[in-house]
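The values are calculated or read from the model by the stated rules, or taken from the named source; none is laboratory data. Remember, it's a predicted structure, so these values are computed and weren't measured experimentally. Because the Cβ atoms are built from the backbone with ideal geometry, glycine has one as well, and the counts that use them run over all protein chains shown.
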C-alpha cells in the first residue's frame, strides 16, 4: 500500500530535503521517525529536493508499507520530530501515484524584506537597496514566453533537458514595502529559483535591462545570469497533483504559509 | 539631550530586556553597541522589562548624551547587533520625557497556535486541546471591571500597589483556528500577562468557570490563579506615549508585528 505524507519544514538547520552523507536532512529525520513508529525500515520519496536552508510550507512524500498504519501516526511523527518539522496529513493513494513523477507543478515563493526584521531573519532575505519593481515584473513576464532555462541551472546536473513550463512569475509588493516573488512551473532545475531571483534583483537595481534579461535566457549559459539569491528567502509553498491522488484524503488541505 | 530609540526583538535567545548578572539581555547588547558608536558609556532606560524568551514588536528606550548623533546611528546599531534585534528609529525628546514613566499604556499579544507550526515554534505557544473561546472572552471581559490584580503578580516584587487599568482584553480567533489574546493596560505586574493567559486557558478548557475566574481576581492571591503560560507566545507589541513625545520624530511609526 502506498501513502502520501503532507508536511512542512523550516529549512534553516537542515542540509535540505534530501539525505546527505555529511549533514542532517529533513528526509533522514522523517525516515528515522517513520521507521521507528512502523518498526520496519521505511523510505520516503519526496516531491523534489530543496537546498540547504530552503523552507517548505507544503511538501509531499510517499512511502510504501503492508502494515496497517496506527491512528496516531501523525501525532507520533510530530512528537518524534523537532519543532521545525511538521506532518499535517497522511492518506492512501493508488500504487502508481508517485510524489515526484505524478506532481504537475511546484510553486515557490521568495521573500525579500526591506528592513531588518527580527522575526523573519531566517525566513526572508534582507535587501535594503532601491528596486524598480515594475521593471522586475516586465522581466519576470519574459519567463512565461521561454521554455529552456539552462542559463539558470547549476552546471553539475544530470538532467536530460533544461525545459520547464513556467506559468506563474511575478513580484508582489506588500503594504510595508516587502516583496514576494511567486513562481510556478511543472519542474525546476537545480538552483533555478535562486538564480532567477538574483538576476531579477540585478534588473531591479538597473544593473541589467529587461532586454539583457531576455538575452540571458536565450544564451543558455549559467555564467551570464546573476548570483544566486540566498537560500533563507526561498520556500516551496505548494506541489500540485491530479485530483485523483486525493480521493482517499480525509482532511482538508493544509494552509500554505 | 535625551533621545528615544524605537526597537524590536525576538526574545528567544535573551534573558529578557533587563541587564542581568548571569545571561545576555537585549539592553546589554544595545548599550554595548550604542556606547561603542558614541565612544562613551551610554545607558538605556526601557519602557519596561520583558521576561526571558518574551518578544517585542515595539519597545522604546531612552538615553542621554551631549554628543551630536551621527546620521548613520540607526544603520550602525543594526549592523552591530545580531539579526534578532532591530532598531527602527531614534529621535530627540524633551528632557523630562521618560521611556518608562511617561508611557501611558503597554499593549501585549499572546499567540496560541493550534497545530505544530515549524515557522512559529518560538513565536507562539502550541496548544492543541479544545477551547471554549466565547467563555474565555466572557472571563476576559471581567478584567476591565477590576483594578487590583495581585492574584496574577509574581510574589517577589517590590511594587507599592497591584492596581492596573486594563482597557483592552479579548481573544481573537483567526481563520486557521489560531488565537491571539490582546491586552492593554497603563501598567502590568511581573508575570501578569502569562498568569492571565494560563488562567484563561483553564477557563477555556472548562477546568474553571467564568465565576471562578472572577473570584480568583477578588482573592488577591497568586496561588489561586493558573499556571503561567510559556514565554514564547508573549510579545510586547506597543507602548503608548503622549503625542508631545513624538514632536521631533521624523519618520512614521514602525509597523507592529
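Tabulated data for the structure shown
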read-out: Residue list for the stretch B:7-19, filter: more than 14 Å from chain A (Cβ to nearest Cβ) and either over 14 Å from residue B:43 (Cα atoms) or assigned to a helix (DSSP H, G or I) (or both); value: B:15, B:16
read-out: Qualifying residue in the stretch B:147-158 (condition: farther than 21 Å from residue B:235 by Cα, in contact (Cβ under 8 Å) with a residue 40 or more places away in the chain and buried (at least 17 other Cβ atoms within 10 Å of the Cβ)); value: yes
read-out: Filter result for the condition that a residue is within 18 Å of the chain's Cα centre (by Cα) and either buried (at least 19 other Cβ atoms within 10 Å of the Cβ) or in contact (Cβ under 8 Å) with a residue 60 or more places away in the chain (or both), over B:123, B:142; value: B:123
read-out: Members of the stretch B:151-171 that are within 18 Å of the chain's Cα centre (by Cα) and either in the same structural domain as residue B:49 (by TED's automatic domain parsing) or not in a loop (DSSP other than H, G, I, E, B) (or both); value: B:152, B:163, B:166, B:167, B:168, B:169, B:170, B:171
read-out: Among (1) within 20 Å of the chain's Cα centre (by Cα); (2) under 30 Å from residue A:117 (Cβ atoms); (3) away from chain A (no Cβ under 14 Å), the one test that residue B:248 misses; value: (1)
read-out: Condition broken by residue A:187, with the remaining ones in (1) away from chain B (no Cβ under 14 Å); (2) crowded, with 16+ Cβ neighbours inside 10 Å; (3) touching a helix residue (DSSP H, G or I) at 6+ places or on another chain (Cβ under 8 Å) satisfied; value: (3)
read-out: Residue check, residue B:182 assigned to a loop (DSSP other than H, G, I, E, B) and away from chain A (no Cβ under 14 Å); value: no
